[in-house]
Each structure stands twice: as structure tokens, then as C-alpha cells.
Amino acid sequence: MSRLARLLTWLLIAVLGVATAWIVFDRRAETVGGPFRLVAGDGRTLTERDFLGHPYGMFFGYTHCPDVCPTTLSEFQAIEQRLGAGIKDFSLVFVTVDPDRDTPAILKDYLASFSDRVVGLSGSSEAVAAAIKAFKVYAKRVEGSDGDYSMDHTATMFLFDRSGRYAGKLLYQTPEDEAVARIKALIDTP
């Protein structure tokens, strides 16, 4: 085989590899989310069906989080202020990754200091683990030296349209203008 033929063969293999990876990643992105059954601060059991008809974001965190969670919730407050009454159709769903400490009532109290547009959800360890798996979220308990623990977790807000279809994500500390524009686009799309 000539040198040019080998080079073209390797180039074709590389292009096919990139195309395959893109297709696999794209399909994986389309499958973010799924069924969940968790409990809100008012005691109601909510599922993904309860959010249909309205765009929403899903964020996984916990109340003892020292940085990512309060930062994300503060950033959501800023987005809410910028959109004003326009955000009335959007909710942020905050699912705990620490159901041992974050009861629905504790989540409700914690989230009240940020926004009434944030719905906190908790549940049994099994129900939370199922939601974590459905949303392809990373969450791991990290033991501390003093007997306490923290949780490593994904720092991403997953966005969903009115029909519950995955519509992208906002990474941790996405620039505010971009986050506002992306959420506004979801709200404005019938």
C-alpha cells in the first residue's frame, strides 16, 4: 500500500471515529433525564410529569455544600431578577444528593432564602439514587477527618422545555448573559 493510501485510510478511520463519538455523545445528551418520584417540602410527591407544560431546570446539590450550590442558587436569583415577571413560567428543581441530611422540610427552609421559584426535592436513598442515575449525575460521599462528610457532585443545571425534552445545560458559573438568554429562549418558546 502506498504512503498516500495509508494516510488516506488513517484519515478516514479518524473521521469515522470522530463522527461515531459525536453521534454517541449526541444520543447520550438526548437521554438526560427520566422518571423520578421525589418529595417536595410541602410533603407532595412529585414526578417529572408534574413539570410538563412549563420549562424548567434541574440541579443536583445539597444544603451543606460550601460553594457550588449557594453560588448556583445566587446566580439563579440574579437571572430571576433580570427576567422579572418573565420568569414566572420557569422553575428550578433542586434535587438533593444527600438524602440522609436533606429532608424535604430542611430543603424547603434552605431554599426559601434564595427563591420561591426553586422546588426542593428529596426522598429515600433509593429514590434519590434513581434520579441521579437517570440524569447521569455524579455524586459521591467524601468522608472528612472529623466524622463529618461532604458530597462531590455534578455542578450543572439541566434545562428542559415545556414537553419535558432535554434542551441543554448550563455549566457551573455560565456567564449571566448567556444563562439569561438560554432560559428566556425556553420561556419564550411555546
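The values are calculated or read from the model by the stated rules, or taken from the named source; none is laboratory data. All values derive from a computational prediction rather than experimental measurement. Virtual Cβ from ideal backbone geometry, glycine too; neighbours counted across all protein chains shown.
The table for this structure:
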| quantity | calculated |
| --- | --- |
| Tally of residues being of a type in the set (Ser, Thr, Tyr), buried (at least 21 other Cβ atoms within 10 Å of the Cβ) and free of Cβ contacts under 8 Å to residues at least 40 places away in the same chain across region 94-111 | 1 |
| Some residue of region 69-80 being aliphatic (A, V, I, L, M) and in contact with an Asp or Glu (Cβ under 9 Å, 6 or more places away or on another chain) | yes |
| Region 142-188, subset among the β-branched types (Val, Ile, Thr) and either in contact with a Cys (Cβ under 8 Å, 6 or more places away or on another chain) or surrounded by 11 or more Cβ atoms within 10 Å (Cβ to Cβ) (or both), residue farthest from Val119 (Cα to Cα) | Thr174 |
| Residue under evaluation Leu121, criteria (1) of a type in the set (A, V, I, L, M, F, W, C); (2) modelled with pLDDT of 95 or more; (3) out of contact with any helix residue (DSSP H, G or I) (no Cβ under 8 Å at 6 or more places or on another chain), criterion not met | (3) |
| Residues satisfying the stated conditions in region 78-93, i.e. surrounded by 21 or more Cβ atoms within 10 Å (Cβ to Cβ) and within 15 Å of the chain's Cα centre (by Cα) | Leu92, Val93 |
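Quick grid of which residues meet (1) more than 28 Å from Ala185 (Cα to Cα); (2) out of contact with any His (no Cβ under 9 Å at 6 or more places or on another chain); (3) of a type outside the set (Phe, Trp, Tyr); (4) modelled with pLDDT of 95 or more:
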| site | (1), (2), (3), (4) |
| --- | --- |
| Met1 | yes, yes, yes, no |
| Leu8 | yes, yes, yes, no |
| Val24 | no, yes, yes, no |
| Glu30 | no, yes, yes, no |
| Phe36 | no, yes, no, yes |
| Ala40 | no, yes, yes, yes |
| Leu46 | no, yes, yes, yes |
| Arg49 | no, yes, yes, yes |
| Met58 | no, yes, yes, yes |
